[in-house]
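Take a look at the structure below.
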Amino acid sequence: MSNHETLSYAPVLGQLLLDQGLMFACAESCTGGLLAAAMTDTPGSSQWFDRGFVTYSNAAKAEELQVSVDTLERFGAVSEETAMEMASGVLTVATPAHIAISTTGIAGPDGGTPGKPVGMVCFGFARRTSQGIVTRAMTKVFEGDRRQIRNASVAFALETAIGLIGQR
């Protein structure tokens, strides 16, 4: 997935958010701010983008996003459980936001294990509803080098968010 392809999803998501009167926020680990950058590269993004967090360390995830230390210890930073807590944590601390995406994974080239290979990325998707915050998680394993894995992660996050918001 090229950077150009990644950026093409952001305006589509932005228009969906604008049409539905929703604000977006994100929490990133392995993508290191690329998701927020893709969103804010879109003109007019201040109408639907609230904020982004880059929480690379476990301490940052716990302090900034209220991810449970128990979750981090039991499942690890790269897990669907952590991704869901990151996404719901964004909506807990960023009250103007309605939709949040989180990314946490192993972009490589090192750090992979048999159970969590290089290229594995966990995504959290959270939405504020009248019943509270609803979350879901997904895991993908991407091929390529660090740059390719990170760009593919952002593209997947944006494309999935478009689908989820469109299903509304």
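The values are calculated or read from the model by the stated rules, or taken from the named source; none is laboratory data. Here the structure is a predicted model, which is why all the values come from computation and not from measurement. Neighbour counts run over all protein chains shown; Cβ positions are idealised from the backbone, glycine included.
Kindly indicate which of Glu64, Glu81 is of a type in the set (D, E, K, R), in a helix (DSSP H, G or I) and crowded, with 18+ Cβ neighbours inside 10 Å.
The conditions single out Glu81.
Given the conditions (1) part of a helix (DSSP H, G or I); (2) at pLDDT 95 or above; (3) surrounded by 17 or more Cβ atoms within 10 Å (Cβ to Cβ), which single one is not true for Leu7?
The number of the failed condition is (2).
Name the single residue that is farthest from Gly124 (Cα to Cα) among those in the stretch 40-50 being buried (at least 17 other Cβ atoms within 10 Å of the Cβ) and modelled with pLDDT of 95 or more.
Taking the candidates together, the pick is Ser45.
Looking at the stretch 94-106 only, could you name the residues that are more than 15 Å from Ala157 (Cα to Cα) and either assigned to a strand (DSSP E or B) or modelled with pLDDT of 95 or more (or both)?
Across the stretch 94-106, the qualifying residues are Ala97, His98, Ile106.
Which numbered condition trips up Met39, out of (1) part of a strand (DSSP E or B); (2) in contact with a Ser or Thr (Cβ under 7 Å, 6 or more places away or on another chain)?
Condition not satisfied by Met39: (1).
This table checks each residue for (1) within 15 Å of Gln66 (Cα to Cα); (2) surrounded by 16 or more Cβ atoms within 10 Å (Cβ to Cβ).
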{"site": "Ala77", "(1), (2)": "yes, yes"}
{"site": "Gly105", "(1), (2)": "no, yes"}
{"site": "Pro117", "(1), (2)": "no, no"}
{"site": "Ile165", "(1), (2)": "no, yes"}
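Within the stretch 51-61, take every residue that is of a type in the set (S, T, N, Q) and either surrounded by 15 or more Cβ atoms within 10 Å (Cβ to Cβ) or at pLDDT below 95 (or both) and give me the one that is nearest to Ala161 (Cα to Cα). Steps first, answer last, please.
Taking the stretch 51-61 first, the residues of a type in the set (S, T, N, Q) are 55, 57-58.
If we keep only those that are either surrounded by 15 or more Cβ atoms within 10 Å (Cβ to Cβ) or at pLDDT below 95 (or both) as well, we get 55, 58.
Working: Thr55: 20, Asn58: 25 Å.
The extreme case among them is Thr55.
Can you tell me which residue among Leu65, Leu164, Leu158, Leu72 is hydrophobic (A, V, I, L, M, F, W, C) and at pLDDT below 95?
Going through Leu65, Leu164, Leu158, Leu72 in turn, the sole match is Leu164.
Residues in the stretch 101-123: is at least one in contact (Cβ under 8 Å) with a residue 24 or more places away in the chain, aromatic (Phe, Trp, Tyr) and in contact with a Leu (Cβ under 8 Å, 6 or more places away or on another chain)?
No, the conditions are met nowhere in the stretch 101-123.
What's the total number of residues in the stretch 108-146 that are in contact with a strand residue (DSSP E or B) (Cβ under 9 Å, 6 or more places away or on another chain), within 21 Å of Ala62 (Cβ to Cβ) and not in a strand (DSSP E or B)?
1
Do the conditions hold for Asp70, that is, is it in a helix (DSSP H, G or I) and either touching a residue at least 60 places away in the same chain (Cβ under 8 Å) or surrounded by fewer than 19 Cβ atoms within 10 Å (Cβ to Cβ) (or both)?
Judged against the criteria, Asp70 is a match.
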